[in-house]
Amino acid sequence: MPADPPPSHDGPSSSPPVRLKLTKEAHAALAAALAGRPSGSGVRVWVERGMRPHAQMMIDQASVRDVPVTVDGIPLLVDESSLKFLLDAEVRYHAEPGRTGFEVVGPFLPTAAPTPSTATTVAPTSRDAAKPESAGAGPARPELEEKVRESLKNIYDPEIPMNIVDLGLIYGMDWDASGGLTIRMTMTSPGCPVVEQLTQEVAAAARTASGVEKVQVEVVWEPPWGPDKMTDFARRQFGYA
């Protein structure tokens, strides 16, 4: 999506450091799964990328493309493209009824299940649009807006391991007199190839979080996006602060 993504902690040409943790339960479950496996076996951890990146795991044999790392004696196999999403992540294991299995959580991965994809109302993209018409505007709704923002933190830029809220793509929210919500957002570059898909995801997530049926997303280009739009958290992660 962006032409020049932010650099990693170690500079633009180096791989992010491997910092993965295992809970006690995950360590025991993985050790049992690896018992008796052939030499060279490990736990492959990779991230399916997209607007809602998510990590997956399987027992596999090491390949030349892997970045091998051992955590508490457990051999993990990670591909380089997944490293930036797995930075400071934790592998957990759950054995509760109805919730048995592994999950990987971390600051660069969503913390909630994907919002069901439904039909959305999306405003046409406009370079000149800065804000909806003020006529008939309704009062702000801080509590609902906070719920929407929390939900939008589970939508990620397809190319940068950061959610769109901390990345600074959400410029504001406006309510009309009938209670409809307009979300003003931007893209990291005007040539973003997934603008339509991303705005649909935003509208669907906002509708689910707020309970408001009438939601539209307006893409604006002024002021242009830059690293200064990111939150302090995102700036620290990318080495800008």
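The values are calculated or read from the model by the stated rules, or taken from the named source; none is laboratory data. In this text, all values refer to a predicted model and were calculated from it rather than measured experimentally. Glycine also receives a Cβ, built like all others from the backbone with ideal geometry; neighbour counts cover every protein chain displayed.
If you go through region 167-186 and keep only what is in a loop (DSSP other than H, G, I, E, B) and surrounded by 21 or more Cβ atoms within 10 Å (Cβ to Cβ), you end up with L167, L169, T186. Checked against the criterion of being more than 19 Å from D157 (Cα to Cα), at pLDDT below 85 and among the charged types (D, E, K, R), the candidates E90, E103, E96 yield just one match: E96. For R207, indicate whether it is among the charged types (D, E, K, R), more than 16 Å from N163 (Cβ to Cβ) and in a helix (DSSP H, G or I). When the stated conditions are applied, R207 passes them.
Looking at region 202-210, is at least one residue surrounded by 15 or more Cβ atoms within 10 Å (Cβ to Cβ) and in contact with a Lys or Arg (Cβ under 8 Å, 6 or more places away or on another chain)? Looking through region 202-210, at least one residue is surrounded by 15 or more Cβ atoms within 10 Å (Cβ to Cβ) and in contact with a Lys or Arg (Cβ under 8 Å, 6 or more places away or on another chain). For G168, the stated conditions hold: it is within 24 Å of V105 (Cα to Cα), touching a helix residue (DSSP H, G or I) at 6+ places or on another chain (Cβ under 9 Å), among the small types (G, A, S) and in contact (Cβ under 8 Å) with a residue 40 or more places away in the chain. Residues of region 218-241 that are among the hydroxyl-bearing types (S, T, Y) and either without any contact (Cβ under 8 Å) to a residue 40 or more places away in the chain or under 19 Å from L198 (Cα atoms) (or both): none at all.
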